[in-house]
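What follows is a short report on a single structure.
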Amino acid sequence: MIQATSQRFKQNAHTGLADRELQRSLGVLESNFIARRKFVADRLPEFDALRDTARDIKNHTLAHLDLYLEEYESRVVAQGGHVHYAATAADARALVLDICRRLNAATVTKGKSMIAEEVGLNDFLSEHGITPIETDLGEYIIQLRHEMPSHIIAPAVHLTKAQVEADFRRVHTGLPPDRDLTEPEKLLTEARAILREKFLSADVGITGANFLIAETGTSIIVTNEGNGDLTQTLPRAHIVLTSIEKLVPTLDDVAQLLRVLARSATGQEMSVYTTLSTGPRRDGDPDGPGEYHVILLDNGRSAMLAGEFRDMLRCIRCGACMNHCPVYQAVGGHAYGWVYPGPMGAVLTPSLIGIDKAGHLPNASTFCGRCEEVCPVRIPLPKLMRFWRDREFERHLSPSVVRGGLRFWAFFARRPRLYGFVTHLAARALALLGGARGRFAWLPLASGWTRERDFPAPEGATFQVLWRSRR
Amino acid sequence: MSARELMLGSIRQALGVTGREEPRRKVVADRLAAHPTGVVPARGQLGLKARVGLLAEMIAASAGSVAQIPDVAGVPGAVAEFLRRHNLPLSVRHGHDARLAALPWHLEGALEVTVGASDGQQLASVSHAFGAVAETGTLVLTSGRDNPTTLNFLPDNHIVIVDVNDVVGDFEAIFAQLRRQFGDRQLPRVVNLITGPSRSADIEQTLILGAHGPRRLHVILVEEVRE
């Protein structure tokens, strides 16, 4: 599995804030993702009602997950497909390798899959002599750079075109060195030509799945480029690498979810390609894969069903929470240190790799609540982050300064009269010390604030005093 | 214990169930049999003419192009017109669909028409849609000998014939049609829902058409209304 650096969130965040190219790239989130989502959501009067049904469908499925899985499996098998169960990331990797080895596969093309990122599939296949080729443009770019995705639907959102150009010149040797690669269109055309050859020669194609349908034994991918379709159509075998919570009961249910997915993700009414796949090539089919395998990953998800984190399993991976997150917008996705960034990552990552390794993430939030406001399946992300903070505190994982500070504050907070007296004194003292300037350029214990800006001095009584006097 | 039993066991343990509870099993069986409909946007609930108008509008909004012709005999001419407009060679490939085979291709003598799947060498393909969804301007194509999947993705230019009688308002209606055609709990190997030509915005959020699939999607709407 990819080594998580979530424990170094603070250092990662500082690095992100100081990275000028990253800051330039993050600047487009507001005008693109956020503005476009709002435009298409406002155009559909039923949008909020659809979010309710989307939430209810996911809740219903999770509460009956064992039975829907059995139904789903029986339909896949009836169409000649295979279903494999992977309790852990290592199991999933081994299952992929087994299929590739049996087919003597040398190269594997890959559609975009967060599960493949989660289990660290690319490095594993390479170590075993099989060449994985990412075919989504963003994934292809970060594979060339040996990086993790910095966004779950726009993996290379942190990069500028000049950085991509430098990578293409480094890797695509054999092309004229004086070719023009200054515009994104030129970069795309070059990647398209190179990847077209890979599509046609690959032995196995691996995709993820946005949804699995119990009614028909169908897996669904949602893409804009068409790379996922070429990945799964041309090779001898198609492997769907996915996880148990992607299940929905029926085609009608998936219609509800599709209506909120693309709108929340990219601000499109529909993504360009929504592809429903059911089993391998059939009698008389002139194309399509000869084998169809589904690998269902658990990796900690079944345990999440038991408690307060079940809500998180509704997530349909649209990325709206990170697009709207002021912390993500400031530090970028790599600061989160693992494959899932932003608010959804702050809740999911501790569930999957442990709160001891990811305790900073649920703390990297201002609790402004925008993530919950835009979530298409209404996951209470701030509440879930608070649950993690509670657990971190209970397990004595938070640093002693934080614990000491909280204990100090709690002592006063439990004694309202003392609290009122002490804050009143402090406000008076600060008002006097602030003097005519009315602000501080430096304060003890507050250098983190005053290094960047002045701290305003109190102008009068405390909030509690004002409240009492105005009631 | 197999991985399957292990995972189903841990799901059941987390949910506090055995999997044998009759009421739970009935809830699941009923939902799969009845597939209840959720919220359907009012946008697509229109008469045929307005529905086709909305479809054309939504296809254009997703960067596809549309030609509307009064009868099916005009398809070869409309195909040739599209190819000429974009300075493309007069050559297309389509699958074994009987509706495509029956077209009067001889009316366009200069147009070369081949039949079969794509191996990546063709610049333009023609498919016949199973249907189309006005709500979002989405074309619905089903795989098989009649309309090979490779024709939807490998050629640079994809031309799709849509019979206006197959245009529905919403996704629920198209799924009902699929159940009628292929049977309950059955689907063809692939159902492609296609909304506009291929695109990517992965480099600096700049939208570019023609990422891995077709750069152009051209829809020919045949307005021969059946009684």
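The values are calculated or read from the model by the stated rules, or taken from the named source; none is laboratory data. These numbers were taken from a predicted model, which means no experiment stands behind them. Here the Cβ is made from the backbone with ideal geometry for all residues, glycine too, and neighbour counts use every protein chain on show.
Taken together, A:R301, A:R263, A:R281, A:R259 contain a single residue that is over 23 Å from the mean Cα position of the chain (by Cα) and not small (G, A, S), which is A:R281. Taken together, the residues in segment A:133-146 that are crowded, with 21+ Cβ neighbours inside 10 Å and away from chain B (no Cβ under 14 Å) amount to 0.
Report yes if B:R4 is out of contact with any Cys (no Cβ under 8 Å at 6 or more places or on another chain) and either surrounded by 15 or more Cβ atoms within 10 Å (Cβ to Cβ) or in a loop (DSSP other than H, G, I, E, B) (or both), otherwise no. In short, yes.
Within segment A:169-202, how many residues are crowded, with 16+ Cβ neighbours inside 10 Å, in contact (Cβ under 8 Å) with a residue 24 or more places away in the chain and not aliphatic (A, V, I, L, M)? Of the residues in that region, 2 qualify.
Could you tell me whether segment A:339-357 includes any residue that is on the phi > 0 side of the Ramachandran plot, at pLDDT below 95 and out of contact with any helix residue (DSSP H, G or I) (no Cβ under 8 Å at 6 or more places or on another chain)? Yes, because at least one residue in segment A:339-357 is on the phi > 0 side of the Ramachandran plot, at pLDDT below 95 and out of contact with any helix residue (DSSP H, G or I) (no Cβ under 8 Å at 6 or more places or on another chain).
If a residue must be within 14 Å of another protein chain (Cβ to nearest Cβ), under 10 Å from B:G137 (Cα atoms) and either buried (at least 18 other Cβ atoms within 10 Å of the Cβ) or among the polar types (S, T, N, Q) (or both), how many such residues does segment B:45-84 contain? Step through it out loud before you land on a result.
Residues of segment B:45-84 that are within 14 Å of another protein chain (Cβ to nearest Cβ), as a first pass: B:45, B:54-55, B:57-64.
If we keep only those that are under 10 Å from B:G137 (Cα atoms) as well, we get B:54-55, B:57-62, B:64.
Now restrict to residues that are either buried (at least 18 other Cβ atoms within 10 Å of the Cβ) or among the polar types (S, T, N, Q) (or both): B:54-55, B:58-59, B:62, B:64.
Total satisfying the criteria: 6.
Yes/no per residue for (1) without any contact (Cβ under 8 Å) to a residue 60 or more places away in the chain; (2) of a type in the set (F, W, Y); (3) over 20 Å from B:A129 (Cβ atoms):
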position: B:P76; (1), (2), (3): yes, no, no
position: B:F82; (1), (2), (3): no, yes, no
position: B:L90; (1), (2), (3): yes, no, yes
position: B:R99; (1), (2), (3): no, no, no
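A:D252 meets each of the listed conditions (1) at the interface with chain B (Cβ under 7 Å from one of its Cβ atoms); (2) crowded, with 24+ Cβ neighbours inside 10 Å apart from (2). Taking the criterion of being touching a residue at least 24 places away in the same chain (Cβ under 8 Å), facing chain B (nearest Cβ under 7 Å) and acidic (D, E), the only residue of segment A:53-74 that qualifies is A:E71. For segment A:299-330, residues that are closer than 30 Å to B:M7 by Cα, away from chain B (no Cβ under 14 Å), assigned to a helix (DSSP H, G or I) and of a type in the set (A, V, I, L, M, F, W, C) total 1.
Of the residues that make up segment A:331-351, is at least one more than 22 Å from B:R189 (Cβ to Cβ), β-branched (V, I, T), in contact with a Phe, Trp or Tyr (Cβ under 8 Å, 6 or more places away or on another chain) and assigned to a helix (DSSP H, G or I)?
yes
Filtered by the rule that a residue be among the aromatic types (F, W, Y) and either away from every other protein chain (no Cβ under 14 Å) or in a helix (DSSP H, G or I) (or both), segment A:75-132 gives a lone residue, A:F124.
Between A:A202, A:A156, the distinction of being within 29 Å of A:A320 (Cβ to Cβ) and in contact with a Ser or Thr (Cβ under 9 Å, 6 or more places away or on another chain) belongs to A:A156 only. For segment A:283-295, does any single residue satisfy the condition of being closer than 17 Å to A:T53 by Cα and modelled with pLDDT of 95 or more? No, every residue in segment A:283-295 fails to be closer than 17 Å to A:T53 by Cα and modelled with pLDDT of 95 or more. Out of segment A:277-299, which residues are within 30 Å of A:W388 (Cβ to Cβ) and either in contact with a Lys or Arg (Cβ under 9 Å, 6 or more places away or on another chain) or surrounded by fewer than 19 Cβ atoms within 10 Å (Cβ to Cβ) (or both)? Matches in segment A:277-299: A:L296 only. If you go through segment A:228-249 and keep only what is more than 10 Å from chain B (Cβ to nearest Cβ) and polar (S, T, N, Q), you end up with A:T242, A:S243.
Within segment B:1-17, the set of residues being more than 25 Å from A:H82 (Cα to Cα) and of a type in the set (S, T, N, Q) comprises B:Q13 only. Take the conditions (1) out of contact with any Gly (no Cβ under 8 Å at 6 or more places or on another chain); (2) facing chain B (nearest Cβ under 7 Å); (3) charged (D, E, K, R); (4) surrounded by fewer than 24 Cβ atoms within 10 Å (Cβ to Cβ); A:E215 misses just one of them, which is (4).
Looking only at segment A:25-47, count every residue that is out of contact with any Phe, Trp or Tyr (no Cβ under 6 Å at 6 or more places or on another chain) and surrounded by 13 or more Cβ atoms within 10 Å (Cβ to Cβ) and tell me the total. Full working, then the answer.
First pass over segment A:25-47, keeping only residues out of contact with any Phe, Trp or Tyr (no Cβ under 6 Å at 6 or more places or on another chain): A:25-40, A:42-47.
Of the ones still in play, those that are also surrounded by 13 or more Cβ atoms within 10 Å (Cβ to Cβ) are A:25-26, A:28-29, A:32-34, A:36-38, A:40, A:44, A:46-47.
The total comes to 14.
Here A:K198 clears all of (1) more than 10 Å from chain B (Cβ to nearest Cβ); (2) farther than 17 Å from B:G213 by Cα except the condition numbered (2). The single condition among (1) at the interface with chain B (Cβ under 7 Å from one of its Cβ atoms); (2) in a loop (DSSP other than H, G, I, E, B) that A:T275 does not meet is (2). Checking the stated criteria, A:E269 turns out to be more than 13 Å from the chain's Cα centre (by Cα), within 9 Å of chain B (Cβ to nearest Cβ) and of a type outside the set (G, A, S). Among the helices (runs of 4 or more DSSP H) confined to segment A:354-471, the ones with at least 2 residues that are among the β-branched types (V, I, T) and over 23 Å from A:G333 (Cα atoms) are located at A:400-413, A:416-434. Annotation: of all residues in segment A:159-181 being of a type in the set (K, R) and out of contact with any Ser or Thr (no Cβ under 8 Å at 6 or more places or on another chain), the one that is nearest to the other protein chains (Cβ to nearest Cβ) is A:R169. Just one of the listed residues (A:A427, A:A413, A:A457) is touching a Pro at 6+ places or on another chain (Cβ under 7 Å), at pLDDT 85 or above and of a type outside the set (S, T, N, Q), and it is A:A427.
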